[in-house]
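Trainee: One structure is given below, represented as C-alpha cells, and several questions about it will come after.
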Amino acid sequence: MANVVFKDISFRYGSHVILDHFSLEIKSGEILCLVGPSGCGKTTLARCLLGLNRPETGEIYVGDTCIFSASRRINVPVERRNIGIVFQDYAVWPHLTVKENVAYPLKKRRVPKAEIADRVEKALAMVNMTEYTNHLPSQLSGGQQQRVAIARALVGDGDIMVMDEPITNLDAKLREQMLDEIREIQRKSGTTVLYITHDQQSALQLCDRMAIMEPDGSVCQIGTDEDIILRPANRFTFEFIGVSNFIPVKNENGKLALAAKEREFPWDGVLPAEMKMALPSGLSVGVRPNDIVFDPDSPLRVTVRRSVFLGSEYDYFVDFGGMELRIQQNTLDSSKYGVIKEGSETGIRLLNYRFYPAKKEVSS
Amino acid sequence: MKRFRQNRDLAAVDGVHFGMGGILTGLCFILLLIVVVIPVVSIIYNAFFYQGHFDPTLFTEQLTDPGNLAAMWNTVKIAFWVTLLGTIVGTFYAWLLGRSDIPAKGLMRALFNIPYMFPPFLGAMAWDLLLNGRSGYLNKFLMSVFHLSSAPVNINSLGGIVFVELSYYFPFVFMQVVSALERMDPTLEECARIAGANQLTVIRKITLPLVVPAISAGALLILITSLAHFGVPSILGFSQGIYTLPTKIYAVISRTGGSFEGIRSGAALSIMLVIVVAVALMIQKKVLSSGSYDIIKGKSMRPTLIKLRGAKLPLLFLCVATLFLIVIVPLVMIFLVSLVKAYGLPLTPENFTLKNYSRIFAASGTIDSIRNSLFVSITAGILCMFMGTLIAYVVQKIRPRGKGVLEILSVLPYSLPGTVLAIGVILAWSGNILGISLYNTIWIILVAYLARYLSFSMKSSSAALLQVHPSLEEAARTCGASHMQSLTDITLPLIRPAMVSGFFLIFLPAMREVTTSILLYGPYTRTLGVQIYSLRDAGMIPQAAALGSVAIVIIIICNTIVTQATKDRKGV
C-alpha cells in the first residue's frame, strides 16, 4: 500500500510542452482514473511515473520514497521502481508462454524458483487464466492477452499499477466485463491503480476518484465520479464528461433571455449570485439532454427534427430558434406523456442548468 | 521497498540509461569508421593526392584516356540495356506466375529463382563455351551443319554480355514483383472489373501502377549490380578487348602486378565508376520516382487468377523455353565440359573422364580455396549479422543525434561497386594506417566483405525491429530487466529469424563472390570464385568447369539447408 505524489512535474518534447508544473496525488489503495482527450499528456505522465520519460522539473514520491527528483538528481531506473504496467497493446511477449510471461518479473527479481511457480499460479488464478498456462500469446484472444498482461503487472506484488488504456482494443461487451474484473482484482490485491483513459464511460464504471485533464495538460478537477458528474468544475469538464447543449444567455438588468441563433426567448432561469457580474465574454447556459423536458405550454418553442429510439430512451434532435438541441427522454416518461412526433412544435423547460462563460464562437 | 532506501546511492544512476545507448552508438560509429569510412576516404585521398600534395593530374589523365572513356561508355550501355530488358522480362514473368492460371507455378517459381543463386561468371563461362566466336561448341556445330564460313552468333560482344547478365539479373525484379502481387489486395482489381474495365485495362491502370514501387526497387538493384559487375564482362569481353570500368580497373592493376602506381590509377578509375553509379542512381530516381502505397498489405492473400485460355499453351512454352535457356543450358554445359578430357574435344561419351575432378581435388589450391571461401563467408556472415543488428537497433530504437549519418554510412557500401571497395580496402590496410598491413592475407578479404555485405543484415534486422513495438521492451524494463537484459531477453529472440536470414543473405553471395576477392587474393588466400576464374584464365577450362560444378553443388546444399532452417523458424 502506498500513495503516489506528483509534485511540480514538467515535461516537453523539444519545444512542445506536454506537462507544465503538474501536481497530483493518488491515494493509497484507490483506483484513480485520469481522463482527458487524446494528446493531453496522460500517457506522458504515466511514463514519468514508470521512469520511461525523464521530467525536467519536479519530484515523484511513492509512499515516502522519492523515486524522482530533478533538483536532488534522483532518478531510480525503470527496472528498480517495481511499478506494474498494462499497456494499451498489452505488450505480452509473443515468444514466451503465458507462464513465462508472468514469471518474468519474478525471475528478474531473483525470486526462488519454487516461489515463482507458486506466485505465478496465484496471479493467473486471479485473472482466471490457469488453464492457459502453456499457451503462446498468439493462441489467445485479445481479452485473454489482456489478462496475462494484468497478471504480469500484479505478480511483482508492487504497490502500484499503471493501466494505460488497457481495454480500448476490446469489443464493447468484453470491455464491460474486463472493467468489472479489474475492479474485482484490485479489491483483492489492494494495489494502488492509476488508470488512464479517454473514455469517461469506463472511468465512471471503474474509479474511486477521477481526475479530468484539459488538453493543455493541467488537471481541472479531481473528485469522486458523482462530484464530476453533478458538480463539474468548469465548462471543459461539463462538455467532456457527457453530451451537452450550450445556449448563449443575455442578461439585461436581471432579465434573462436565451439568445438562439435566429430568435431570443425570454427565460425565467435563475442566475446564481456569483455569476451576476456580467462576464466580458458573455454567458452560456449548459444543460444535459436528459435535463430538458417537454412542456407544451413553455415559451421556449422547439420543432422536433428527428427522433431516434435507443431502447432505454428516445433521443430527439430539435430546432431551437435556428440552433440544434439534443433532448433525451427516458422510455418510461415517453410512454407516460407520449412520444413527440417528428415535425411537430412544442415547448421545453431546462432543469439542472449551469452557467459558464461563453466560448468564442468558432465558425461551425 | 527497502531497496529504494539507498536512493542517494542511485543518484549516479541518472546517466546509466543514456550510458548504454551512448556506448552502443559509439560502437556503431567506430565500426563504421573502420569498415566504411577509412576505405572510402583512402580512395579519394589517393586519387587526388600524391605524396601529400594535391595532384589531380592522375585523375584528369585517367578521365581523358580514350580507352577508359570507352570502358565507361560500355558500362553505361550494358547497364542500361540489362536494366531495361531485365525489368520488362522480370515484370512479365512475375505477372504470369503470380496472377495467371498457368500450370506448374510452384516448380517454375523455384526454377526462376535459380539464376539468383548461381554465380553469373559461371553462366558466362558456359555461354562462352557454347557460343565463343571462334571455338564455341554450338557455333562449330551450326557452322558445320549450315556450311557457314563464320560463327553465326558471337557471345563475346556487348550484346552477349547484356544477354548473360540479363539472364542472371532479371530475377531481382521478378522476386520483388511476385511478392508485391501476392500481397496486393485482390478487391482492388475486382472493383475495377465491376466498374466496367476489361482485363487489359485492369492490368494497365490498376495492377501495374500498384506494383510500380516493387518494380522500381528491383530495377534499382539490377542497375547497381550491373554497373558494378565484373565476372561476365571479364569472361566474355577480355578476348575481344571489350572493357567495362570494373574490368578496366582489374586490368590496370593486374597489368602493373599490383604495384602502388597501378592501384592509384585504379583508385582514379574507381572514382569515375562511383560517379557513373551516382549519376545513374539520380536518373533512376527521377524516372521512377516511387510512391509507396498502403493498399499493398503485409498479409498474404489469395489473388484472383486470370484465365489465359488460348494463350495458355504458347505462354507455358515460352516459360519452359526461357527456363531451359537460362537455367538448364548453362548448367548442363558446365557439367559436360567438366567431364571432357581436353577442351575442344567433341562432347561425346568416349571423350568423358572423371580425371578433371580428381585432378582439382588433388591440387591443394582447390581445397584451400573452398576452405577460404567457407571461412570468410561464414565469418563475414556472423560478424555482419551482429554488426548489422547493432546498427539497426541503434538507428531504430536508440535514435541518437547522428542516426542519419549512421544509416547513410551503413548503406553506402551497398551502392559502391565491389571493385571500388576492394581498392579502398587495399589502400587503407596495406600498412598506411597504424602500420596495419593485411595485404595478401585472408583478413583483407574479410574486411572487404564486412563493408560490402553489412547493409544486407542491417536491412533485414531493421525491418524486423520495426515490427517490435517499443512497449515490449518497456514492459520488460518495468518488470525489473536492465536495458541490456531487455535486449537479450525480449528484442533479440524476437528478431532472431531476421538475423538468421540476414546471415544467409550474406553467406550465399559471399560464397560465390569474385569481384572483390579477385583484387584482394594473395598466393594462399584464393577464394572459390578466384580459383575457378584463374583456372579458366590459365586455359585449364575443363578443370575450371569441374570446380564450377563443385561450387554449384556446394551452393545447392547450402541453399537447401537455408530453406530447411528458415522453415523451422517460421513459428517464432
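Derivation of every value follows stated rules applied to the coordinates shown; laboratory data play no part. Bear in mind that the values here come from a model prediction, so they are computed numbers and not experimental data. Glycine gets a Cβ as well: all are built from the backbone with ideal geometry, and neighbour counts include every protein chain shown.
Trainee: What average number of partner chain Cβ atoms lie no more than 10 Å from the Cβ of the residues making up A:69-77?
Mentor: 5
Trainee: Considering all alpha-carbon pairs of region A:4-239, what whole percent are spaced by more than 22 angstrom?
Mentor: Taking all Cα-Cα pairs of region A:4-239, the fraction more than 22 Å apart is 53 percent.
Trainee: Percent relative contact order of region A:243-357, based on C-alpha pairs within less than 8 angstrom and at least six residues apart?
Mentor: Normalised by residue count, the contact order of region A:243-357 is 31 percent.
Trainee: Turning to a different aspect of this structure: Taking a threshold of 31 Å on the Cα-Cα distance, which of the pairs A:Lys122/A:Lys173; A:Lys7/A:Lys188; B:Lys105/B:Lys140 fall above it?
Mentor: B:Lys105/B:Lys140
Trainee: From Cα pairs below 8 angstrom and at least 6 apart in sequence, can you work out the relative contact order of chain B, rounded to a whole percent?
Mentor: After rounding, I find 20 percent.
Trainee: Pull out the extension gain between B:Leu345 and B:Arg496, defined as 0.36 nm times the separation in residues minus the alpha carbon to alpha carbon distance; nm, one decimal.
Mentor: Between B:Leu345 and B:Arg496, full extension yields 49.2 nm more.
Trainee: Grab the other residues whose beta carbon is less than 13 angstrom from that of A:Lys42, score K and R as +1, D and E as -1, and report the net.
Mentor: Charge balance in the 13 Å sphere: -4.
Trainee: Still on this structure: Using r as the Cβ-Cβ distance of B:Ile30 and A:Asn128, and R0 as 56 Å, what FRET efficiency do you calculate, to the nearest 0.05?
Mentor: 0.60
Trainee: Once the Cβ-Cβ distance between B:Glu182 and B:Ile408 is put in as r, and R0 is 35 Å, what FRET efficiency do you end up with, to the nearest 0.05?
Mentor: Efficiency for this residue pair is about 0.65.
Trainee: Let me ask something else about it. Using the Kirkwood formula over every pair of different C-alpha atoms, what hydrodynamic radius in Å results for the protein assembly as shown?
Mentor: It is 33.8 Å.
Trainee: Among rounded, prolate and oblate, which fits chain B when a ≥ b ≥ c are the square roots of the eigenvalues of its C-alpha gyration tensor, a/c under 1.5 means rounded, and a/b larger than b/c means prolate?
Mentor: In terms of gyration-tensor shape, oblate.
Trainee: While we're looking at this one, here's another question. What residues have an amide H closer than 5 Å to that of B:Leu305, excluding those fewer than 5 places away on the same chain, when H is modeled at 1.01 Å from N in the peptide plane?
Mentor: none
Trainee: Taking 7 Å along the Cα-to-C-beta vector as the label spot, tell me the B:Ser239-A:Leu230 distance in nanometres, rounded to one decimal.
Mentor: Output for this residue pair reads 10.1 nm.
Trainee: In chain A, what % of DSSP beta bridges are antiparallel (nearest 5)?
Mentor: Just about 75 percent of them are antiparallel.
Trainee: Can you run phi through the Karplus equation (6.51, -1.76, 1.60; θ = phi - 60°) for region A:231-243 and list ³J(HN,Hα) in whole Hz, with x for Gly and Pro?
Mentor: Listing the rounded values in order: 10, x, 6, 8, 4, 4, 4, 4, 6, 6, 8, x, 7 Hz.
Trainee: Quick check: convex hull of the Cα atoms in region A:243-357, volume per residue, rounded to a whole Å³?
Mentor: 101
Trainee: What FRET efficiency, computed as 1/(1 + (r/R0)^6) with R0 = 60 Å and r the Cβ-Cβ distance, is obtained for A:Lys188 and B:Val279, rounded to the nearest 0.05?
Mentor: That gives a FRET efficiency of 0.30.
Trainee: Averaged across A:104-111, how many Cβ atoms of other chains sit within 10 Å of each residue's Cβ atom?
Mentor: 4
Trainee: Moving to a separate point now. Within the protein assembly as shown, what percent of beta bridges assigned by DSSP are antiparallel, to the nearest 5?
Mentor: 75
Trainee: Within a Cβ distance under 13 Å of B:Met272, other residues only, what is the Lys/Arg minus Asp/Glu net charge?
Mentor: Combined, the nearby Lys, Arg, Asp and Glu give -1.
Trainee: Next question. Place a point 7 Å from Cα of A:Thr303 in the direction of its Cβ. Which residues in region A:315-344 have their backbone N less than 18 Å from it?
Mentor: Within reach of a label on A:Thr303: A:316-327, A:340-344.
Trainee: Counting only other chains, and only Cβ atoms inside 10 Å, what mean value do you get across the residues of B:485-494?
Mentor: Whole-number average of other-chain Cβ neighbours for B:485-494 is 3.
Trainee: Using all Cα-Cα distances in region B:65-352, what percent lands in each 5 angstrom bin from 0 up to the longest?
Mentor: 1, 5, 10, 13, 14, 14, 13, 11, 8, 6, 4, 2, 0, 0
Trainee: Helix by helix, which DSSP H runs in chain B go 27 Å or more along their axis at the Cα atoms and have an average Kyte-Doolittle hydropathy of 0.0 or more?
Mentor: Qualifying helices, which must be both long enough and hydrophobic enough, are B:66-99, B:158-183, B:208-228, B:260-287, B:364-393, B:442-467, B:492-511, B:541-568.
Trainee: Follow-up question, since we're still on this one. Cβ under 15 Å from B:Met72's Cβ, B:Met72 left aside: what net charge do those residues give with Lys, Arg +1 and Asp, Glu -1?
Mentor: Taking every Cβ under 15 Å from that of B:Met72, the sum is 0.
Trainee: Separate question: Tell me the angle of helix A:98-108 to the major Cα principal axis of chain A, expressed in degrees between 0 and 90 and rounded to the nearest ten.
Mentor: Helix A:98-108 sits roughly 70 degrees off the main axis of chain A.
Trainee: Using the per-residue mean of other Cβ atoms lying within 10 Å as a proxy for protection, in what order, highest first, do the peptides B:485-493, B:499-507 fall?
Mentor: Sorting B:485-493, B:499-507 by mean packing, highest first, produces B:499-507, B:485-493.
Trainee: Place a point 7 Å from Cα of B:Leu354 in the direction of its Cβ. Which residues in region B:519-548 have their backbone N less than 16 Å from it?
Mentor: Residues passing the 16 Å test: B:546-547.
Trainee: Kindly provide the Kirkwood hydrodynamic radius of region B:183-291 in Å, to one decimal, from all pairs of distinct alpha carbon atoms.
Mentor: 17.2
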